[in-house]
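What follows is one structure encoded as structure tokens, with my remarks underneath.
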Amino acid sequence: MPKKRPNLQKQDNLDSNQINPPQPSTTKTPAMTPIPDGWLEIGTIVAAHGLSGEMRVYPSTDFPERFEVAGTRWLLPIDATEPTSVKLIAGSYLEGKNLYLIKLAGVTNRNAAEELRGCRILVREDDRPQLEEGEYHIADLVGCQVYIQENNQLVGVVVNVIPAGNDLLEVERWADDTENHNHQQPNILIPFVEAIVPVVDISAKRMEITPPDGLLEINQ
């Protein structure tokens, strides 16, 4: 999922634990299975729309072509471990709702659309749109170790990316001794802007930061 400083411009495959799609009802649903290796999640079907089989999708991607360009996609039901292929016929963005409206081949009525509620929509991991300079896939940022540039001190590891005015890196602090390990400290939120995160080396899974005074102590 791409991101660009100072803002995360585009993203693919935000983990379901990071962004929760709106629930169309209060009915409790079973826990979702993890996304299989080699796949990217681009959205979740949250409701049927109308009577002809159209569906509303909560996106986890900023690439509109994922839903607006016809072609093959894959569905992963809540309790399934392997996706099945489907044909996307058409799709469009619902202004003001942060939802897409899609039509899939073979889904011709509301009942059939309702049966797919909760399914996640996937694409193959190697089907990533070309990124511009300064953009990063979120999945590539998660897991990067974060160091203070001035003294090479390890701060922690990126565990999440939070969309905001300036996107935030959520960093789990590194415990350098047993005592600290037993006393878990809050995660740190670091603005993903070039002035604070001047170095991002995806191949080395490393970031260097130049934090302003007090940034690392705010959540202690």
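Loop only by DSSP, 10 or fewer other Cβ within 10 Å of the Cβ. Give me the GluC sites (Glu not before Pro) in the range 67-114 that pass, ordered by residue number.
Glu95
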Candidates per trypsin sites (Lys or Arg not before Pro) in the range 28-79, loop by DSSP, up to 10 other Cβ within 10 Å: Lys28
³J(HN,Hα) computed for each position of the range 145-152 - Karplus, 6.51 cos²θ - 1.76 cosθ + 1.60, integer Hz, glycine/proline x: 7, 10, 10, 6, 4, 5, 10, 6
For the range 64-71, Karplus couplings with θ = phi - 60° (6.51, -1.76, 1.60), whole Hz, Gly/Pro x: x, 5, 4, 10, 9, 9, 4, x
Asn160 long-range amide H proximity, modeled H, under 5 Å: Glu170
Point-charge dipole on Cβ atoms (K/R +1, D/E -1) for the range 142-217, about Cα centre, debye to 20: 240
Anchor Lys103: aspartates and glutamates whose Cα lies under 16 Å away (excluding residues fewer than 8 positions away in-chain): Glu54, Glu65, Glu68, Glu114, Glu115
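Suppose a student asked you for the relative contact order of the range 142-217, using Cα pairs under 8 Å spaced at least 6 residues apart; what percent would you report?
Details: 137 pairs, mean separation 22.3, N = 76.
Relative contact order, the range 142-217: 29 percent.
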Förster radius 22 Å - calculated FRET efficiency between Val159 and Thr84, Cβ distance, rounded to 0.05: 0.10
The range 40-55 residues near the modelled Glu114 label - backbone nitrogen below 16 Å, point 7 Å along Cα→Cβ: 46-55
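So which trypsin sites (Lys or Arg not before Pro) in the range 89-142 are both in a DSSP loop and have at most 14 other Cβ atoms within 10 Å of their Cβ? It would help to have the intermediate numbers written out before the result.
Numbers: sites: Lys97, Lys103, Arg110, Arg117, Arg120, Arg124; in loops: Lys97, Arg117.
The qualifying sites are Lys97.
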Virtual paramagnetic centre 7 Å along Cα→Cβ of Tyr93, amide N under 20 Å, in the range 66-85: 66-71
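Values quoted throughout were computed directly from the atomic coordinates according to the rules given, and no laboratory measurement underlies them. These figures come from a predicted structure and were not determined experimentally. Neighbour counts are summed over all protein chains in view; Cβ atoms, including those assigned to glycine, are modelled from backbone coordinates with ideal geometry.
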